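Have a look at the structure below before the remarks.
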Amino acid sequence: MKRSARALWVTGPGNCEIRPVFPPDPGPGDVLVQTLHTAVSRGTETLVLRGGVPPNQHALMRAPFQEGEFPWPVKYGYLNVGVVKQGPRHLMGRTVFCLYPHQTEYVVGSRAVTPVPDAVPPARAVLAGTVETAVNALWDARPMVGDRIAVVGGGMIGCGAAALLARFPGVRVQLVDTDPSRAAVAEALGVSFASPEQALRDNDRVLHASASEAGLALSLELLAPEGEVVELSWYGDRRVSLPLGEAFHSRRLRIRGSQVGTVARPDRDHAQRLALSLELLADPVFDALITGSSRFEELPEVLPRLADGSLPALCHRIDYGA
């Protein structure tokens with residue numbers, strides 16, 4: 001009898017559904033994983049939901065275990081935590097993280113999963129992809145002791161970066177967002193908070209993660225002379241206009257792109273970066289990033305609400321099982 005599971009598919013603009021899928025039997029070197037939790041990567045997954053991935057980025061934007069082609073139908077996602085039910089002895093029964101879509105059970109090669117450290121609860125481990133992006137961003141930004149840093153955009157990535165920056169000695173970190181409710185999250189992370197109007201203006205570096213034209217323009221405004229914006233946002237098919245004819249040249253400002261697909265250190269690889277990110281998640285401060293949860297069966301209704309903002313969230317966790 002064929003093995004069966006269920007997976008979320010995006011089927012059209014703003015539409016998704018749960019479909020039956022049929023994972024293969026695990027072969028030598030494979031693992032069968034039963035999913036415990038997934039999480040919605042709100043920025044990227046809502047972009048996929050509206051069909052906003054530009055044609056020239058279709059190959060780059062493919063998730064590691066995506067099925068289907070952009071724009072639709074497509075099985076997409078990459079924040080999955082589960083338990084190994086079949087596989088090599090050293091992985092049997094282990095909780096693992098995998099860059100797999102929203103699916104109840106799946107089979108992948110054993111090298112595609114990363115064991116979750118015992119100190120990290122499975123429900124928090126869904127943040128591994130978020131923290132990995134933040135780690136890469138900090139490798140690009142290269143913060144130094146005594147830096148003044150603003151993080152513009154208090155979403156999953158911005159808050160993840162702020163949480164890591166809060167660990168640096170002597171660094172002033174301010175989270176900047178238009179949503180005043182992010183102040184409580186900033187406090188939990190150990191950083192200050194400001195609205196765009198109140199934000200401190202003399203920053204050595206700004207990490208921008210709001211995915212908005214206004215946020216990127218503000219990021220330039222917040223820099224001290226010789227300062228740098230590290231751009232973490234993904235705009236999809238939207239064009240962005242910037243005030244580069246004002247003080248941009250006279251203050252010798254810089255904008256640097258950062259993208260998690262490339263490891264920002266030549267002395268590390270993807271596996272090492274992900275393992276580090278999971279180790280960092282032993283800190284319970286990251287629980288502040290998980291602001292809601294739903295059952296897997298509710299996901300076809302939840303994802304459109306996350307996309308249109310009627311369900312506000314940082315990281316929205318999806319729970320599986322009985």
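The values are calculated or read from the model by the stated rules, or taken from the named source; none is laboratory data. Note that this is a predicted model, so its numbers are computed, not measured. Methodologically, a virtual Cβ is constructed for each residue, glycine included, from the backbone with ideal geometry; neighbour enumeration extends over all protein chains shown.
Data table
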quantity: LEU99 vs. criteria crowded, with 19+ Cβ neighbours inside 10 Å, without any contact (Cβ under 8 Å) to a residue 60 or more places away in the chain, touching a helix residue (DSSP H, G or I) at 6+ places or on another chain (Cβ under 9 Å) and not basic (Lys, Arg); calculated: yes
quantity: Residue identified as at pLDDT 90 or above and crowded, with 16+ Cβ neighbours inside 10 Å among GLU45, GLU69; calculated: GLU45
quantity: Any pair with Cβ under 8 angstrom, 6 or more apart, that starts in region 306-319 at a residue that is among the aromatic types (Phe, Trp, Tyr) and ends at one that is part of a loop (DSSP other than H, G, I, E, B) and surrounded by 21 or more Cβ atoms within 10 Å (Cβ to Cβ); calculated: none
quantity: Positions within region 275-311 being surrounded by 19 or more Cβ atoms within 10 Å (Cβ to Cβ) and in contact with a strand residue (DSSP E or B) (Cβ under 7 Å, 6 or more places away or on another chain), in sequence order; calculated: LEU278, LEU289, ILE290, SER294, PHE296, LEU299, VAL302, LEU303, LEU306
quantity: Test: residue in region 149-159 that is modelled with pLDDT under 95, assigned to a loop (DSSP other than H, G, I, E, B) and either in contact with a Phe, Trp or Tyr (Cβ under 9 Å, 6 or more places away or on another chain) or not acidic (Asp, Glu) (or both); calculated: yes
quantity: When residues of region 224-236 are limited to those that are surrounded by fewer than 19 Cβ atoms within 10 Å (Cβ to Cβ) and under 30 Å from LEU49 (Cα atoms), the one modelled with the lowest pLDDT; calculated: GLY236
quantity: Of all residues making up region 182-200, the number that are part of a loop (DSSP other than H, G, I, E, B) and either closer than 17 Å to PHE286 by Cα or within 20 Å of the chain's Cα centre (by Cα) (or both); calculated: 2
quantity: Scope region 201-220; condition more than 28 Å from PRO55 (Cα to Cα), among the hydrophobic types (A, V, I, L, M, F, W, C) and not in a strand (DSSP E or B); matching residues; calculated: LEU218, LEU220
quantity: Lone qualifier among ALA119, ALA112, ALA125, ALA137 - being surrounded by 16 or more Cβ atoms within 10 Å (Cβ to Cβ), small (Gly, Ala, Ser) and over 25 Å from CYS16 (Cβ atoms); calculated: ALA137
quantity: Strands (runs of 3 or more DSSP E) within region 57-141 that include 1 or more residues under 24 Å from LEU289 (Cα atoms); calculated: 80-86, 95-98, 113-115
quantity: Odd one out for ASP237, checked against (1) of a type outside the set (A, V, I, L, M, F, W, C); (2) under 22 Å from the mean Cα position of the chain (by Cα); (3) outside the structural domain of GLY160 (by TED's automatic domain parsing); calculated: (3)
quantity: Some residue of region 301-314 being at pLDDT below 95, over 23 Å from GLY52 (Cα atoms), outside any loop (DSSP other than H, G, I, E, B) and under 17 Å from the mean Cα position of the chain (by Cα); calculated: no
quantity: Single residue of VAL53, VAL31 found to be under 15 Å from ALA307 (Cα atoms) and either surrounded by 21 or more Cβ atoms within 10 Å (Cβ to Cβ) or in contact with a His (Cβ under 8 Å, 6 or more places away or on another chain) (or both); calculated: VAL53
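Table: residues versus (1) touching a helix residue (DSSP H, G or I) at 6+ places or on another chain (Cβ under 9 Å); (2) over 30 Å from LEU49 (Cβ atoms); (3) free of Cβ contacts under 8 Å to residues at least 60 places away in the same chain.
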position	(1), (2), (3)
LEU189	yes, no, no
PHE193	yes, no, yes
PRO196	yes, no, yes
LEU222	no, yes, no
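Residue-by-condition table, conditions (1) under 30 Å from SER110 (Cβ atoms); (2) part of a loop (DSSP other than H, G, I, E, B); (3) modelled with pLDDT under 95; (4) in contact with a helix residue (DSSP H, G or I) (Cβ under 7 Å, 6 or more places away or on another chain):
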{"site": "ARG239", "(1), (2), (3), (4)": "no, yes, yes, no"}
{"site": "GLY245", "(1), (2), (3), (4)": "no, yes, yes, no"}
{"site": "ARG256", "(1), (2), (3), (4)": "no, no, no, yes"}
{"site": "VAL263", "(1), (2), (3), (4)": "yes, yes, no, yes"}
{"site": "ASP267", "(1), (2), (3), (4)": "yes, yes, no, no"}
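Table: residues versus (1) among the polar types (S, T, N, Q); (2) under 19 Å from ALA162 (Cα atoms).
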position: LEU216; (1), (2): no, yes
position: SER241; (1), (2): yes, no
position: GLY292; (1), (2): no, no
position: LEU299; (1), (2): no, no
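Quick grid of which residues meet (1) small (Gly, Ala, Ser); (2) buried (at least 22 other Cβ atoms within 10 Å of the Cβ):
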{"residue": "ARG167", "(1), (2)": "no, no"}
{"residue": "GLY170", "(1), (2)": "yes, no"}
{"residue": "LEU175", "(1), (2)": "no, yes"}
{"residue": "ASP179", "(1), (2)": "no, no"}
{"residue": "VAL185", "(1), (2)": "no, yes"}
{"residue": "ALA199", "(1), (2)": "yes, no"}
{"residue": "ASP202", "(1), (2)": "no, no"}
{"residue": "ALA209", "(1), (2)": "yes, yes"}
